[in-house]
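One structure below.
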Amino acid sequence: MRSQRICWVAPCAAASFLLAGAAAHGHPVLSFNEATGGNATNQNQSVGWQFNVVSPLTVTGLGWFDQGANGLSVSHTVGIWNPSGTLLSSVVVPAGVAAPLDGQYRTSAVAPFTLPVGTGYIVGGQNFSTSTDRLASNVSHTVDSRISYVDATFSNLNSGFVRPTQFSVAFTGFYGPSFSVVPVPEPSSITLAFLAATAMAWFAQRHR
């Protein structure tokens, strides 16, 4: 009986570990073709973009676009505001290569939080005239299916780190800031979770 118990518990523990590990790592909610579009002017203001959430998703990190993946020229404070204007989370993405790359973005981890369905979210960050980091606009982009892109946004000059609410004439951008989310589970992960739950239920029932 003891050997049988070890046989069942080990696969279940392994499955739980794999699923927990998958949930801990995010992926960029937005990517774009760096060969397209142009560069917006770096100024002392906050920039970003507005989006709607069409299906709940969990944010794991906030980042800033790193053209060439060779490090950021300055530090950027990045945050996400909900539709009512409340800052949900913010973090400093440091200059250089201290923050790891997540896709095209140097990304700093945050305590995971969920964005419920809603319209009018904004991700934004503080930019500077001294920055030499590319602020991409009018690019060809791809977004996570759980959100819909609305518009590029910006704030008044010399306003510091604030929610950028003014819409731009750019049809995509400003990247700049973005965020990472927990990926949609792959079918194989869903199957693994089901098998793990079934095995654990069987084990509990057998040894009740």
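Taken together, the values in this text are just the output of simple stated rules run on the coordinates, not laboratory data. The structure presented is a predicted model; accordingly, all values stated were derived computationally and were not measured. Cβ coordinates were reconstructed from backbone atoms using ideal geometry, including for glycine residues, and neighbour counts include every protein chain displayed.
Normalised by 2.2 N^0.38 Å, with N the number of residues, the alpha-carbon radius of gyration of region 26-182 equals 0.91. For region 32-98 versus region 149-188, the inter-centroid distance based on Cα atoms is 6 Å.
Relative to the current alpha-carbon distance between S140 and L157, full extension at 0.36 nm per residue lengthens the span by 3.4 nm.
Less than 5 angstrom separates the built amide H of V110 from those of G61, L62, all sequence-distant by 5 or more or on a different chain. What the phi angles of region 63-69 give under the Karplus curve with 6.51, -1.76 and 1.60, with θ = phi - 60°, is a coupling list of x, 9, 4, 10, 4, x, 6 Hz, glycine and proline written as x.
As a calculated quantity, the FRET efficiency between S55 and F167 at R0 = 22 Å, using C-beta atoms, amounts to about 0.35.
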